[in-house]
Amino acid sequence: MSAKLDGGAYLTSFVDAVLDKLSSILEDDSVLEGNYCSQELLGRLEKSLYEVGPVLDDAEQKQFTDKRVKKWLVDLQDALYMADDLLDELSTEAAIAATQTDPGEMIHLRYLNLSGIPIVTLPESLCKLYNLQTLKLSYCKKLEMLPSRMQDLVNLRYLDIRGSDSLKEMPKGMSQLKHLNFLSDYIVGKHEENGTRELGALDNLHGSLCISKLENVNNSREALEAKMGNKKQINILELKWRTEGYIVDVETARDILEELQPHRNLEELSINGYSGEIFPDWLGLSSYSNVTKLILLSCKNCRQVPSLGQLPSLQHLEICGLDGLERIGGEFYNNAESCHQGTPFRSLQTLEFRRMRRWREWHLPNDFDGFLKLKRLLIEECPVLSGDLPAHLPALEELTIYRCEELACSLPRAPKLHQLTVDGSKSFWSAGPHDVVILETKLAKYVVEWLPHIQSPCLQNLLIEGCESAISISGDYLPDSFQYLRIQDCSELTFSEPLQHMSLTEIYIDNCDSLTMFPLGALPNLKELTILECPSLVSLPGLGFAAPHLEELYMRDCPEMDCFGEECLPPSLTTLVICNCQKAERWITSNGLQSEGLTDLFLSFWNEVKGFPGEGCLPASLKYLQLSYFSNLETLDCKGLHHLTSLQQLRIEECPKLENITQQNLPASISELHIKGKCPLGSKLEEMNDPRIQYKRGRFML
């Protein structure tokens, strides 16, 4: 909300829009007929909005220094939203009534909003509302036809049918609507009376326009009759053909698109379903100096991309579904028709290539110097693309390569990169800012080898998941900016050199079958280490020296790992979890766990011990102890517990053979004892009838 306020003129324009809508309703007697209270309230609202207008500019400047002014603006904005919704509701109610009322009673109606109403047809009587200026029919999903006499609405200025996708064609005679200055969509019909010739007469159109069902245009003459070059106020244009189920000669298709050339004031262009093999030359002319956005979708026969590199203002380019394209070459960067060839794509900020199934080569000229402002590059579902990407993208912030398994190449130098995704999975991974994500891809090896060349300080997290190919990581590979390392489900993972990294604060390793050694060098900032399901891992040497400030250590399903030798655990460690780690279990029960700062200990799936804990087995600093799924534990050894003078909470879960306790009382320091699941000791503690013990829902309170 505040972002909108900071825009300066946002509220001023919003007030003007609400006033226009309000004036239309107050001038239309049919909307509030007989409802004098509402008329009075809306009249007062109109007066208030006229009065507030002159002070908005001043208030929008003062909001940055005066919190009270900003709050007033926020409250005003909320009130405007509510008023706008109310006016839409009133207009909608009037519109529904209009479809059921004698048009003679609604003759003065100027504004009619039926948006979102599930109507299939509109009554022909609607066309007798000769004073109607605004007709909104957006997202009427079931609407199939407009009234046949739409041409009679001679005062109509605004017709919005966006999202009404069931409409089959335009009614005949739309050229009669001489005052129409906004038409969201023109659906080309099969007859001359509702074809492109009717559109040609509408030269006063402003803003955006979508022309769909262009497959109904038979030849270039009909396309020329649309007179797109005369529509100087159209700045957003979408040209749509049906993408399947029709046949047209590729030369005819190109001629049709040639004649649909828009005026050079155009700012955004989308071409969807074009069936020609090449695009007309006008598409890349540098004289289209205002074009900032260009989208080419599902042009399945195209064998060559248009020459777009010399569009001076082009910022956003999306090319998708060009199934016939195999190579992008030099024609992409320079247009032979342009007189002055400058730096290719000098203004481009986002570039997307998607679903290009035959695209094999992206040719880049020697000493290529384009894409200097490119911030986002996406290459998605281009399964046979190989070769190189641009070598240097100085402004690149986000790079995504999705399901392009042949693209085994060096990645660009990108000193400002803050998000990298290389994903070969079936479900697209949405990476966050500062992430490097390598997911289920055969390209993992190449990406990992490229990591040392990352210069960006913005990347902080490395996530590698589901990669079956061999990956060898050296401590030298990780850029200094990385703080988080996660490797999961990588069956051929190895570490060739110790991790020596000043910034890493968290490491997570999970389900890496072949990992036998995890060498740690100098990790002074490491706070959390998790190692799960690494059945071959036997060594985690020097943990106390490598990570002197480690606070949390989690180990699960690592049966061969033993990291509890002399001076192994750092004194900073406060939380330790050991689950189903047989060698670690034997070490602790035989030698004791020496960690003077440990406060929270979680032990689970220990299957060998029968009595626990022995005297001196656990550190006296413990405050919380949990024993879960000790399948053979028979005796709770209170000698070991009485040594734990700081212990406050003890949790015992699913220990089916635990029924003995060595003493008749527990340490005085314990304030909570939780017993959950199968555990015979629970009933025995209850039988002890110790006055300090209270039994409640499996929980014992001392």
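Kindly check whether there is at least one residue in the range 497-518 that is of a type outside the set (Gly, Ala, Ser), touching a strand residue (DSSP E or B) at 6+ places or on another chain (Cβ under 9 Å), part of a helix (DSSP H, G or I) and more than 18 Å from Val436 (Cβ to Cβ). No, the conditions are met nowhere in the range 497-518. For the criterion of being surrounded by fewer than 17 Cβ atoms within 10 Å (Cβ to Cβ) and more than 30 Å from Glu440 (Cα to Cα), Asp323 fails. Which residue out of Leu666, Leu673 is modelled with pLDDT under 85 and part of a strand (DSSP E or B)? One residue alone meets the criteria, Leu673. Of the residues making up the range 619-658, those that are open to solvent by 40 Å² or more (accessible area, probe 1.4 Å), over 19 Å from Cys581 (Cβ atoms) and of a type in the set (S, T, N, Q) number 4. Assess whether Gly592 counts as being within 28 Å of Thr662 (Cα to Cα), of a type in the set (Gly, Ala, Ser) and open to solvent by less than 40 Å² (accessible area, probe 1.4 Å). Yes; evaluated as a whole, the condition is true for this residue. Taken over the range 468-491, residues that are crowded, with 16+ Cβ neighbours inside 10 Å and modelled with pLDDT under 90 amount to 9. Annotation note: of Leu167, Leu132, Leu146, Leu156, the sole residue that is open to solvent by less than 50 Å² (accessible area, probe 1.4 Å), touching a His at 6+ places or on another chain (Cβ under 9 Å) and assigned to a loop (DSSP other than H, G, I, E, B) is Leu156.
If you check Ser313, Ser307, Ser286 for being part of a loop (DSSP other than H, G, I, E, B), open to solvent by 40 Å² or more (accessible area, probe 1.4 Å) and small (Gly, Ala, Ser), only one passes: Ser286.
No other residue among Asp600, Asp562 is of a type in the set (Asp, Glu), modelled with pLDDT of 90 or more and open to solvent by 10 Å² or more (accessible area, probe 1.4 Å) apart from Asp600.
Selection within the range 238-250: residues that are modelled with pLDDT of 90 or more and not basic (Lys, Arg). The member of this set that is farthest from Gly273 (Cα to Cα) is Glu238. Any residue in the range 71-85 that is at pLDDT below 75, more than 31 Å from the chain's Cα centre (by Cα) and farther than 21 Å from Ser138 by Cα? Among the residues of the range 71-85, not one is at pLDDT below 75, more than 31 Å from the chain's Cα centre (by Cα) and farther than 21 Å from Ser138 by Cα, which makes the answer no. Scanning the range 326-358 for residues that are assigned to a loop (DSSP other than H, G, I, E, B) and either open to solvent by 60 Å² or more (accessible area, probe 1.4 Å) or without any contact (Cβ under 8 Å) to a residue 12 or more places away in the chain (or both) turns up Glu326, Asn334, Ala336, Glu337, Cys339, His340, Gln341, Arg346, Arg355, Arg357, Arg358. Of the set (1) under 38 Å from the mean Cα position of the chain (by Cα); (2) part of a loop (DSSP other than H, G, I, E, B); (3) more than 16 Å from Ile161 (Cα to Cα), all apply to Lys190 but (1).
For the range 374-410, enumerate the residues that are open to solvent by 50 Å² or more (accessible area, probe 1.4 Å), in a loop (DSSP other than H, G, I, E, B), modelled with pLDDT under 95 and not small (Gly, Ala, Ser). Matches in the range 374-410: Pro383, Asp388, Glu397, Arg403, Glu406. Tell me which residues, restricted to the range 226-240, are over 35 Å from the mean Cα position of the chain (by Cα) and open to solvent by 50 Å² or more (accessible area, probe 1.4 Å). The answer is Lys227, Asn230, Lys232. A residue that is among the small types (Gly, Ala, Ser), farther than 27 Å from Ser386 by Cα and touching a strand residue (DSSP E or B) at 6+ places or on another chain (Cβ under 6 Å) can be found somewhere in the range 264-277. Only one of the listed residues (Ile531, Ile507) is under 21 Å from Arg586 (Cβ atoms) and of a type in the set (Val, Ile, Thr). That residue is Ile531.
Matching residues to (1) in contact with a helix residue (DSSP H, G or I) (Cβ under 9 Å, 6 or more places away or on another chain); (2) part of a loop (DSSP other than H, G, I, E, B); (3) without any contact (Cβ under 8 Å) to a residue 40 or more places away in the chain; (4) buried (at least 18 other Cβ atoms within 10 Å of the Cβ):
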site: Ser175; (1), (2), (3), (4): yes, no, yes, no
site: Lys178; (1), (2), (3), (4): no, yes, yes, no
site: Leu199; (1), (2), (3), (4): yes, no, yes, yes
site: Leu202; (1), (2), (3), (4): yes, yes, yes, yes
site: Asn218; (1), (2), (3), (4): yes, yes, yes, no
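Of the strands (runs of 3 or more DSSP E) lying entirely inside the range 524-602, the ones with 2 or more residues being within 26 Å of Ser669 (Cα to Cα) are found at 552-556, 575-579.
So is Thr243 over 28 Å from Lys141 (Cα atoms), among the hydroxyl-bearing types (Ser, Thr, Tyr) and surrounded by fewer than 19 Cβ atoms within 10 Å (Cβ to Cβ) or not? Taking the combined requirement at face value, the residue does not satisfy it.
Looking at Glu318, Glu361, just one residue is within 24 Å of the chain's Cα centre (by Cα) and open to solvent by 10 Å² or more (accessible area, probe 1.4 Å), and that residue is Glu318.
The values are calculated or read from the model by the stated rules, or taken from the named source; none is laboratory data. Not measured: the values here are computed from a predicted model. Because the Cβ atoms are built from the backbone with ideal geometry, glycine has one as well, and the counts that use them run over all protein chains shown. Note: accessible area is taken over every heavy atom of the protein model, side chains too, but ligands, DNA and RNA are not part of it. Shrake-Rupley method; radii C 1.70, N 1.55, O 1.52, S 1.80 Å.
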